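Remarks on the structure that follows.
The values are calculated or read from the model by the stated rules, or taken from the named source; none is laboratory data. Quick caveat: nothing in here was measured; it's all calculated off a predicted structure. Virtual Cβ from ideal backbone geometry, glycine too; neighbours counted across all protein chains shown.
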Amino acid sequence: MDSNDKKPLLAQLKIDRSQREAVHAPRGLWVAIGAAALLLALGGAAYWLLGAHRVVAVRTATAVAPAGASSAVLQASGYVTAERQATISAEIAGMLTSVDIQEGETVQRGQVLARLDDSAQRAALTQARAQLAAAQAQLAQYRVQWVEARRDLARDQALIGRHLVALQVLQQAETQADSLAAQVLTQQRNVQVAQAGVRAAQVQEDYTIVRAPFSGVVVDKAAHTGEMISPFFGGGGFTQTGVATLVDMNSLEVDVDVNEAYIDRVHPGQPAEAVLDAYPDWRIPAHVIAIVPTADKSKATVRVRVAIESKDRRILPQMGVRVSFLERSGAAGAGAQVPAGMVWVPASCVVERAGHAVVFTVAAGRAVVKNVTLGPMRADLRAIGGIAAGSVVVQAPPGQLRDGDRVSIEQE
């Protein structure tokens, strides 16, 4: 075939540049779309991972339902404490031969808790008793001699009138009787000293027995059989200073720190309501015992003692508790009535998100957003509807806090 005839065929096989660019343009577009999708996926994964591991530190409060005709004027947090609590120790140093208690055990006043080695004390008591017996025997001997001397004196006095004895003999008899009388008196004092020695030795022996000074529950067992114990802190050795810690559960009360700016809202005898962190749905009747007349300058708070009116075995020392101080709604300045179904929370708990009033509750360590309806204000409290009494709510929620975020609760 002539080469001139092949040219038309070759021209048909040649791809025009405009057609080639048209073919490759969709391929580049798909590459760009794939890269964008990959970046979005990586961003979403990073966002999810960061959100899953992010922990937001918050401070919380407890929603409190109005208690009958009373309204909460202030909330404060604190701890359950025991007004009657003691670390029990022996009054002397020694080695424990037995410890007869366990943690959680209830003991009665005077019950034996532990015993120390008393061999030295028993020996001292035996010696004191022997000394007392010797002194009593000596006293009996002097009394017999004194009785005999008085008989001799009486006989000589009868004979002196008949000139049957010399005056000197009579004088000697008088002297002997007086001397023995003095010896009897002195020995009586010696007997009293020996008796005091026996009592002292008995007290020392009693010190080897550790007894409960009051009825209560053993919350800590600090020493065991074979250990040395001393009422004085020796510093650095292996000597224990206490056998156990005893708490009178009937003396439990609540200590709360009230901001000094609001202490004027609290007064002795004021009704209150306590909610334990361990039992948020359990409201315990209480009242103010006293306001401790001093302030903590480092925290700007005043300590308030609150009595728990309902004793219960679930209430334990050092439990966290939130106290709502109440005021009768009929009192002057009591404010508006709270609608049914609403609870009191600090006003700082309520924020606006997406045009709605919300609060963040805490459940299973995560923040949960709740839409709420607003009620009346009272001091720094707000009545809201939409959550249950006892719910844990976030105070002044941070702007970055979102529904489902993990939270850590800061201690006040």
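A single member of 52, 63 is surrounded by 11 or more Cβ atoms within 10 Å (Cβ to Cβ) and at pLDDT below 90, and it is 63.
When residue 273 is tested against the conditions (1) part of a strand (DSSP E or B); (2) more than 23 Å from the chain's Cα centre (by Cα), the lone failure is (2).
Pairing each residue of region 332-353 that is among the hydroxyl-bearing types (Ser, Thr, Tyr) with any residue that is assigned to a loop (DSSP other than H, G, I, E, B) and modelled with pLDDT of 85 or more, provided the two are 6+ apart or on different chains, yields C-beta distances under 9 Å for 348/396; 348/397. Scanning region 301-344 for residues that are of a type in the set (A, V, I, L, M, F, W, C) and at pLDDT below 90 returns 326, 331, 332, 334, 336, 338, 340, 342, 343, 344. Taking region 195-254 as the region of interest, the strands (runs of 3 or more DSSP E) fully inside it that hold 2 or more residues being at pLDDT 90 or above and charged (D, E, K, R) are 216-221.
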